[in-house]
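Here is the structure we will look at.
Derivation of every value follows stated rules applied to the coordinates shown; laboratory data play no part. Small disclaimer: the values here were computed from a predicted structure and weren't measured. Note: ideal-geometry Cβ built from the backbone for every residue, glycine included; neighbour counts use all protein chains shown.
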Amino acid sequence: MTVAYPRFFDSLKAAPGRLVQGGTADGSSAAQAQEGAHGCSTCRRHVLSCSVSINAVEIIVFDHVAPPARYYRVVSVLVGVHPVREALKAGRTIDRVLIAKGAGGPRIQEIVDLCRERSIPVRFEQRSALDRAASGETHQGIVAFGAASRYAELSDVVDSAQLLVILDGVEDPHNLGAIVRTANAAGATAVLIPERRAAGLTETVAKSAAGALEYVPVVRIGNVNRTMEDLKKRGFWIYGLDERGAESYDKVGYAKPSVLVLGGEGKGLHQLVREHCDVLVRIPMAGTIPSLNVSVAAGIVLFEWKRRMA
């Protein structure tokens, strides 16, 4: 019996730029298709079973006419030298790596050597092929295809955490990636993001994080205020960064374990989130612009925390 499941394609819209990798049940390959292609909409009417999560989609569908069934999964595209190198060093599952013909140098050679150690296929292609695979992102002559990044569970990180970062509605993937990178450099255990009205894990985030996603877990939480209260019960002190904060970030006393809460672009912290913070801190400004980009502000406060704890 077949079951229609149109929400499968809605979930793909939440992961723009990802490819749908096709194959048959007996292991033979099928052509890749971008979201919305005719082949996908045809298969959409013949769903056998499916499993959908926040950042990975798996679906089994019958062929347009008859079995064998075709199997589709979302493939993560890693773009650029740093994301690909760190994914390889961290042991992430990589299907294959594309390198632009003519690209060279020690960084490219390091990636080739890492691929050889793990028996990962490396193909040298025309740069135009990498441009298409990278969907317009700057790829530096290297693109890798692998398993989609997965979110961590809060229970996996909270027991050993000394510093957590909560993002209250950061919607720009470049900012999310930059914050993850800075969080890794400052020694934060994990970055927590809400399920709604916030950037999720995409190839743009991975590129901006420059490989830090392989080392800093990203946790998706349902309700920011409830999560903050749960963390308080576990002994965490909650510091919210807000331009109206009473304390200067470099004067306040930081306690362990800590949570730093950062607001979204342009809006800052939501009112209820502000009320749930133990302390509101600000970064004093000398110019006429009242606030900084959220990723820049994150770097300033995170490294102040690191300096104090050294």
Rounded to 0.05, the calculated FRET efficiency for the beta carbons of Asn223 and Ala152 at R₀ = 25 Å is 0.90
Residue by residue through the range 178-192, the couplings from Karplus 6.51 cos²θ - 1.76 cosθ + 1.60 with θ = phi - 60°, in Hz, x for Gly and Pro, are 5, 5, 4, 4, 5, 4, 5, 5, 8, x, 5, 7, 7, 10, 10
For the range 154-309, the charge dipole (Cβ of Lys, Arg +1; Cβ of Asp, Glu -1; about the Cα centre) points to a positive end, and the Cα of Ala186, Leu262, Ser291 closest to that extreme belongs to Ala186
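Per-residue counts of other Cβ atoms within 10 Å, averaged by peptide: what ranking do you get for 290-299, 271-280, highest first?
Details: 290-299: 17.8, 271-280: 16.1.
Sorting 290-299, 271-280 by mean packing, highest first, produces 290-299, 271-280.
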Straight-line reach check, Lys256, cutoff 17 Å on alpha carbons, 8 or more apart in-chain or any other chain, hits among lysines -> Lys232, Lys233, Lys306
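So how do 245-257, 163-175 stack up, highest first, on mean other-Cβ count within 10 Å? Write out the running numbers ahead of the final one.
Details: 245-257: 13.9, 163-175: 21.9.
The densest-packed peptide leads the list: 163-175, 245-257.
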